[in-house]
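The structure under discussion appears below in the form of structure tokens.
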Amino acid sequence: MKLSLFIVMFQLGFVISYVAAHSISHAVIHQSKTWCVVTVGAPNDKLQAFLDSTCNELDCKAIRPGGSCYQPNTLQNHASFVLNLFYRARGVCNSELGTPSVNDPSFGKCIYS
């Protein structure tokens, strides 16, 4: 009787520990998720230059006509998407043009990774 009670208590403790650890690690991951988006007032000429140079290196098909992030077809929208692509690829949010955000900028079928 004592041994089976011990085993049940041990297993219950293991389950509680697992659930608590999983919940905490999930919360930390969720809180640390950031995106890089266009800074208000970023100069259009610099945004366009950034798009042109970065899209020569990274896959920008999502902001091309028919892509999931093409609409709205604005420089700021496309630049935000590409700033975030660059951020994911290089680990740096271009501080001249972008700013880190904890708010997911994804919308509709346009998913920012």
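Taking a ≥ b ≥ c as the square roots of the Cα gyration tensor eigenvalues, with a/c under 1.5 meaning rounded and otherwise prolate when a/b beats b/c, else oblate, which class fits region 49-113? Since a/c reaches 1.5 but b/c is at least a/b, the shape of region 49-113 is classed as oblate. Report note on the peptides 67-75, 83-91: ranked by the mean count of other C-beta atoms within 10 Å, highest first, their order is 83-91, 67-75. Of all aspartates and glutamates in the structure, the ones whose alpha carbon falls short of 13 Å from that of Lys33, not counting any fewer than 8 places away in one chain, are Asp104.
If the chain between Arg64 and Asp52 were fully stretched, how many nm would it gain, using 0.36 nm times the residue separation less the Cα-Cα distance?
Details: separation 12, 0.36 × 12 = 4.32 nm, distance 1.24 nm.
Length difference between fully extended and current span is 3.1 nm.
Using the crude model of +1 on Lys and Arg Cβ and -1 on Asp and Glu Cβ, and no other charge, please compute the dipole size for region 40-92 relative to its Cα centre, in debye to 20.
120 debye
Just so you know, all these numbers are worked out from the coordinates, no wet-lab data involved. Only a predicted model underlies this, so the values are computations on that prediction, with no experimental measurement involved. Note that each Cβ is placed from the backbone with ideal geometry, even for glycine, and that neighbours are counted across all protein chains shown.
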